[in-house]
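**Student:** Please see the structure below; I have some questions.
The values are calculated or read from the model by the stated rules, or taken from the named source; none is laboratory data. What you are looking at is a predicted structure, and each value in this text was computed from that prediction instead of being measured. Positions of Cβ are backbone-derived with ideal geometry, glycine not excepted, and every protein chain shown enters the neighbour counts. Note: areas computed on protein heavy atoms with side chains; ligands, DNA, RNA excluded. Shrake-Rupley method; radii C 1.70, N 1.55, O 1.52, S 1.80 Å.
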Amino acid sequence: MTTAHLTVDRAFTVAEVPHRLFGSFVEHMGRCVYTGIHEPGHPQADSRGFRQDVMQLVRELGPTVVRYPGGNFVSGYRWEDGVGPVEDRPVRIDGAWHTVETNAFGLHEFVDWAREADVEIMEAINLGTRGVEEARALVEYANHPHGTYWSDLRRKNGAATGTTQDPFDIKLWCLGNELDGPWQIGHKTADEYGRLAQESAKAMKLVDPDIELVAVGSSNRRMPTFGSWEHTVLSHTYEEVDYISMHAYYQEHDGDAASFLAEAVDMDAFIDGVVSTIDAVKAAGKHSKQVDISFDEWNVWYQSGLDTEDQPHQVAKGWQKHPRLIEDAYNVTDAVVVGTLLHSLLRHGDRVKIANQAQLVNVIAPIRSEEDGPAWRQSIFWPFARIAAKARGQIMRLAVDSEQVPTQKFGDVDAVDATVTWDEAAGKLVLFVANRGLEEAADVDLNLNGLQATAISSAEVLAVPERGDRLTANLVDSQDAVGLKPLTDVGLQDGRLHMTLPAMSWGVVELDVAAA
Ligand code: AHR
């Protein structure tokens, strides 16, 4: 048994839980849109083709904001192809994923879908093959009330397709996607991108001064230009943008589960590095405003060994419509890692204000669906759903005194990784906690300074199921193999919370608290 002592003090908080930290991502890639959220003719589809079984799971997952329409896809996308009468929309080649895009689903459909799902839209523009003119036209099309060419076209297209005609009122915009990557259509140097992003941002804000903009940061921490890319891009755009993006995907390499379980250490360091770069540009440029982080792609992703440096993604063979692409089946280990990645995002809630798990359905996603078939929750659904539902109020600074576990990649790391939120108005304190030890259970206690815990209102844990192992996953014929169960070994003693967490598990404990 390993042990860990955790301490919170009501005087030490990090930040208010950012509402947009529980975002997701819908890309025109593989089966995320087609046969994912949209499948006309499916028994569960409504008259617009929106799958209601998937919609119900999306609501249960609880994303607050959804990035759309890409990803790599957006860098070759013409948004005009996806509006107007469906029968008039062109069928195009999507170079990013080597697929055929029918454009049967476009911006109006996504706005209607997002409104029903009760999520904010985060719209990405194409700064790969396009530029300032198309960017400002899109903002005018989306947000201008009426009486101009683009806004009246929106109303006409809405009327023609039975979708919304009202202004979409999209506040949050991404200035392109991963343009530092040689695989990206329209890949650019930091200077080329920085200037284009600055001028696009200026033009977009002239159309709608209330929008918020995300500049493209590095595609991952291993990029050779990581650091200098952010510095150069922000040196051009600091006054125009509100956020810089981060992307990170993690996977287990060669059975090294211990290092994989500790990847939140990497995420912590990655975020700290980007914060330092932002603040260096701020100081050197004598800026007073603060730019924050949009971690707009993160997840576990088993990237294929066949990928090369120039094309680090699997692409489809031939030219198919919505082929199966990167439909990773997530296991227990992945769910524990996803829990700890969410802890890392919360720990940095003072600077990470937006985060999007990539993606929402089928493509490296918490939700799976089959064409003409069922929809179900993957293992990684559970930590996301619980944290999105329960993390409220203040993120607390947490002192962790934990026994260590050895890892090849990071050396010794804390066996127990955790974060705490405290909602004073509701009188709730929630502990999100993972035991990264592969073999041993963990004895964990939480000491609350300045707060009095009166009751445990709920306690759940996700661990290796009785009939399974750490690689057990929820598949089409075993949809509930991995999930949350009541945590029974938990109690309050002298105002302290005590629990025993099984080896390699993720848990959530909610307490009723009052000021001591
Ligand atoms: O989410 C899958 C892909 O990963 C996105 O299209 C791209 O931005 C990233 O490299």
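**Student:** Taking the Cα atoms of region 76-209, report the difference between the largest and smallest coordinate on each principal axis, in whole Å and largest first.
**Tutor:** 42, 36, 28
**Student:** May I pose another question? Please quote Rg/Rh for region 417-473 to two decimal places, taking the Kirkwood radius as Rh and restricting both calculations to Cα atoms.
**Tutor:** Reported Rg/Rh (Cα atoms, Kirkwood Rh): 1.05.
**Student:** Where Rh is the Kirkwood radius over the Cα pairs of region 311-412, the temperature 10 °C and the viscosity 1.306 mPa s, what D in µm²/s does Stokes-Einstein return?
**Tutor:** 96 µm²/s
**Student:** Could you quote the convex hull projected area for region 141-212, Cα atoms only and averaged over all directions, in nm²?
**Tutor:** Over all viewing directions, region 141-212 projects a mean Cα-hull area of 6.0 nm².
**Student:** Counting only heavy atoms of the protein chains, get the accessible area per residue of the chain (1.4 Å probe) and round it to a whole Å² value.
**Tutor:** 37 Å²
**Student:** Which FRET efficiency value, to the nearest 0.05, do you get for ASP350 and LYS317 by plugging their Cβ-Cβ distance into 1/(1 + (r/R0)^6) with R0 = 35 Å?
**Tutor:** E between ASP350 and LYS317, to the nearest 0.05, is 0.20.
**Student:** Kindly give Rg over Rh for region 209-309, based on alpha-carbon atoms, with the Kirkwood expression for the hydrodynamic radius.
**Tutor:** When Rh is taken as the Kirkwood radius, the ratio is 1.04.
**Student:** Taking the convex hull of the Cα atoms, report for region 8-121 its projected area averaged over all directions, in nm².
**Tutor:** Mean projected area of the Cα convex hull: 9.0 nm².
**Student:** Over all directions, the average projected area of the alpha-carbon convex hull for the chain comes to how many nm²?
**Tutor:** Result: a mean projected hull area of 23.4 nm².
**Student:** While we're here: With only Lys, Arg, Asp and Glu charged, each at its Cβ (+1 for the first two, -1 for the last two), find how big the charge dipole of the chain is about the Cα centre; round to the nearest 20 debye.
**Tutor:** My answer is approximately 840 debye.
**Student:** Just to confirm my numbers, what's the Cα centroid distance between region 193-260 and region 1-35 in Å?
**Tutor:** Answer, in whole Å: 19.
**Student:** Here's something else I'd like to know. After finding the eigenvalues of the alpha carbon gyration tensor for region 451-516, what semi-axes result from the square roots of 5 times each, listed largest first in whole Å?
**Tutor:** Over the Cα atoms of region 451-516, the semi-axes work out to 31, 12, 7 Å.
**Student:** Pairs of Cα atoms under 8 Å, at least six residues apart: use those to get the relative contact order of region 258-388, whole percent.
**Tutor:** Result for region 258-388 is 30 percent.
**Student:** Cα axis of helix 332-347 to longest principal axis of the chain: angle in degrees, 0 to 90, nearest 10?
**Tutor:** Compared with the principal axis, the helix lies near 80 degrees.
**Student:** Related question: Any idea how far apart VAL476 and ALA284 come out in nm if each label point goes 7 Å out from Cα toward Cβ?
**Tutor:** 5.3 nm
**Student:** Starting from the Cα coordinates of region 10-54, work out the convex hull volume and express it per residue in Å³.
**Tutor:** 115 Å³
**Student:** GluC sites (Glu not before Pro) within region 413-516: which are DSSP loop residues with at most 12 other Cβ atoms inside 10 Å?
**Tutor:** Filter output for region 413-516: GLU439, GLU466.
**Student:** Follow-up. Would you mind listing how long region 245-382 runs along its three principal axes, going by Cα atoms, in whole Å with the largest first?
**Tutor:** Cα spread of region 245-382 along its principal axes, largest to smallest: 56, 34, 30 Å.
**Student:** While we're on this one: Measuring from a point 7 Å past the Cα of LYS485 along Cα-to-C-beta, which residues in region 363-379 have an amide N at less than 18 Å?
**Tutor:** 379
**Student:** Could you work out what % of the accessible surface of the chain is carbon and sulfur, using a 1.4 angstrom probe and leaving DNA, RNA and ligands out of the count?
**Tutor:** The value for the chain is 48 percent carbon and sulfur by accessible area.
**Student:** Rounded to the nearest 0.05, what FRET efficiency do LYS409 and ASP494 have when you use their Cβ-Cβ distance and R0 = 41 Å?
**Tutor:** It comes out at approximately 0.60.
**Student:** Further question: Using the alpha-carbon atoms, what tilt in degrees (0 to 90, nearest 10) does helix 381-390 show relative to the longest principal axis of the chain?
**Tutor:** 80 degrees
**Student:** Could you list, in their original order, any pairs among LYS202/LYS289; LYS282/LYS390; LYS171/LYS289 whose Cα atoms are separated by more than 22 Å?
**Tutor:** LYS282/LYS390
**Student:** Would you mind estimating how fast region 103-180 diffuses translationally, via Stokes-Einstein at 10 °C and 1.306 mPa s with the Kirkwood radius over Cα pairs, in µm²/s?
**Tutor:** Answer, rounded: 120 µm²/s.
**Student:** Oh, and also: Once the Cα gyration tensor of region 389-516 is diagonalised, what are the square roots of 5 times its eigenvalues, in whole Å and ordered largest first, as equivalent ellipsoid semi-axes?
**Tutor:** Its equivalent ellipsoid spans semi-axes of 27, 19, 13 Å.
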